[in-house]
Amino acid sequence: MVSVCVVNWRTTDETLAMASTLAAGAGDLPWELIVADNDSGDGSVERLAAELPEATVFGRRQPRVRRRREPCRGARPPGRWLFILNPDTGSTSGRSRCWWSTSPSIPRRGSWGADDRRRGRQQPSARRFPPWRRPLPAHPLGRLFPANRYAASYLMDDLSLDRPADVDWLSGSAMMFPRAAFDALGGFDEGFFMYCEDIDICRRLWDAGRRVVHHPGAVVEHTIGAASDKAQARMIREHHLSMARYYRKHLRDRTPLLLRPLYPLGIGLRHALRQAHRRSLERKQARQAKGRR
């Protein structure tokens, strides 16, 4: 049994669309769908329960909405395998069947993930762990300087991922775990409000002697930003707070004492640049909207 676990926050349409692709992806493999609504406040629980009668749907009231806080733990599903999905994903032409059926054959399996596509184009879904030597996270450098080796290394652009391969960490938009491995780690770290919980759990899997495997035989379509785009300023802030938490948890003790301030400064600089870029786009959109009147 595969327990498909999804957290919904004001993404009911996306969750329903995702659910409609699961049967094709699973084929004749037994599966169930569990949806945890994190206090959307827009009637999501009632609508999802009505339109997905075969699913387990429940609401959770919390002071802060968390994207992927143990939806399976609250429902206590019987599944031996946990398939964590974003609501804005979907199986492509049933290709997740290959992934689901071959996953148990991976020795010392801890987690595995699929190719991530957006409108048919491949998105980076496997990455290397960020090292302490890089005080400014490298990912945004790839947009400004596509040929720089630091961003290419982080995004694993220097390797071919056309066959199953061990990777440092996988995008949390689509991840599968053996239930025993997931529970042994205590699941996702709830201290991560949004983002970086996928890096953290993959790091802990490797530390526990488990493998993290990228499986190109399965493909998910990922819209990206279905929930976070509804509160961009807040989500940008939460992203960088999560980056700082990851640094404190996994990198600070490995960093020479005199260099430790550089990583938080780099995260702060990245946050300032992202917020400035967001405000610039908003002003541009406002001018365009005013010009169309």
> Computed FRET efficiency, Cβ-Cβ of Ala49 and Ser20, R0 22 Å: what is it to the nearest 0.05?
Replying inline: 0.85
> Considering the dipole of the stretch 148-293 built from charges on the beta carbon (Lys and Arg +1, Asp and Glu -1) around the Cα centre, which of Leu161, Ala231, Ser173 is farthest to its positive end?
Replying inline: Ala231
> Which of rounded, prolate, oblate describes the stretch 178-223, given a ≥ b ≥ c as roots of the alpha-carbon gyration tensor eigenvalues and a/c under 1.5 marking rounded, otherwise prolate only if a/b is larger than b/c?
Replying inline: oblate
> Can you work out ³J(HN,Hα) from phi for every residue in the stretch 176-191, in order, using Karplus 6.51 cos²θ - 1.76 cosθ + 1.60 and θ = phi - 60°, giving whole Hz and x for Gly and Pro?
Replying inline: 10, 10, x, 4, 4, 5, 4, 5, 4, 8, x, x, 5, 6, 6, x
> Peptides 82-88, 237-243: what's the order by average Cβ count within 10 Å, highest mean first?
Replying inline: 82-88, 237-243
> If ligands, DNA and RNA are left out, what is the accessible area of Ser160 with a 1.4 Å probe, given in Å² to the nearest 10?
Replying inline: 80 Å²
> Efficiency by 1/(1 + (r/R0)^6): what FRET value for Arg292 and Arg80, r their Cβ-Cβ distance, R0 = 35 Å, to the nearest 0.05?
Replying inline: 0.05
>> With a 1.4 Å probe and all protein chains left in place, how much of the accessible area of the stretch 167-293 comes from carbon and sulfur atoms, in whole percent?
In response: 55 percent
> So, with +1 on the Cβ of K and R and -1 on the Cβ of D and E, and no other charges, what is the size of the charge dipole of the stretch 9-55 about its Cα centre, to the nearest 20 debye?
Replying inline: 60 debye
>> Quick check for you: with a 1.4 Å probe and neighbouring chains kept, what is the accessible area per residue of the stretch 1-56, in Å²?
In response: 41 Å²
> Counting only residues 5 or more places away or on other chains, whose amide H sits under 5 Å from the amide H of Met156 once H atoms are built in the peptide plane?
Replying inline: Arg128
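The values are calculated or read from the model by the stated rules, or taken from the named source; none is laboratory data. Because the structure is predicted, anything quoted here is derived from the model rather than measured. With ideal geometry, Cβ positions are generated from the backbone for all residues, glycine too; neighbour counts draw on all protein chains shown. The area values use the complete protein model at the heavy-atom level, side chains included, leaving out ligands, DNA and RNA. Shrake-Rupley method; radii C 1.70, N 1.55, O 1.52, S 1.80 Å.
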